[in-house]
Structure formats: structure tokens, C-alpha cells
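Here is the structure we will look at, set down as C-alpha cells.
The values are calculated or read from the model by the stated rules, or taken from the named source; none is laboratory data. The shown structure was predicted, so the numbers you read here are calculated from the model rather than taken from an experiment. Note: ideal-geometry Cβ built from the backbone for every residue, glycine included; neighbour counts use all protein chains shown.
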Amino acid sequence: MNSRFTELRIFFRDEEIPERVLPLERDGSSEFYSLGSERQLALPNGETIEVYAEANLAGSTPDVSVSVIQGGRDLDIRCGYGVIVSYETVEHFDVLLQIGTGAWE
């Protein structure tokens, strides 16, 4: 399977900050991939967020979702084929999260 649906890319508007990639694990023999549980992520500015992602590739169109949790704030996005989420933290730091689709424009 194309890795663009089996990994969560985390990158930043400041292109000098290295991108991070979290692999989505396959659930047995199914076509369902996920992080398994929320993952805590330390950001370059010192803040922390939790992220969760999943992709169901069993249908004719991949079904993907991304969640960001920070200090009681939740952002949940679910889309077909792919998603790029732009999230602004409490301290106004921009985080971009991507599964599937093309590059951020």
C-alpha cells in the first residue's frame, strides 16, 4: 500500500524545522491503519499536543481522520482520500498534519 496513507506527516510553516513522520500500524489482516492511541508530541516551541490518526483503506475511497488535542481543545477532521490539517496551538504556533493527498500549497 502507498505509504502516504499509512503514515502521519507532521510539519511546520517554518521549513527549517524538520518534518516528523509517525507510522500508522495495520490492524491485523484488515485494511485499517492507526496510531493505536493518542500520541503526545513535543513541539519545537516547547508546547505539547496529542495527536491521533487513522486510515481505513478497505473501501473504494480511503477514509482518513486526524485529531489534535491540547488543553481541553479538540480538533477532529474526517475526510475521504486524504487530509491536511492546519492547527494553531494555544501559543500561536502553526502545525500541519497530513495523511494522503499532495503537498501543502
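Data table
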| read-out | value |
| --- | --- |
| Looking only at region 1-24, and only at residues there that are exposed (fewer than 11 other Cβ atoms within 10 Å of the Cβ) and either touching a residue at least 40 places away in the same chain (Cβ under 8 Å) or among the charged types (D, E, K, R) (or both), the one that is farthest from Ile84 (Cα to Cα) | Glu16 |
| Verdict on Glu31 being touching a strand residue (DSSP E or B) at 6+ places or on another chain (Cβ under 9 Å), without any contact (Cβ under 8 Å) to a residue 12 or more places away in the chain and not polar (S, T, N, Q) | no |
| Spans of strands (runs of 3 or more DSSP E) in region 32-105 with at least 2 residues of a type outside the set (Phe, Trp, Tyr), at pLDDT below 95 and touching a Cys at 6+ places or on another chain (Cβ under 8 Å) | 63-70 |
| Filter pass, Gly36 being loosely packed, with under 11 Cβ neighbours inside 10 Å, over 14 Å from Arg4 (Cβ atoms) and small (Gly, Ala, Ser) | no |
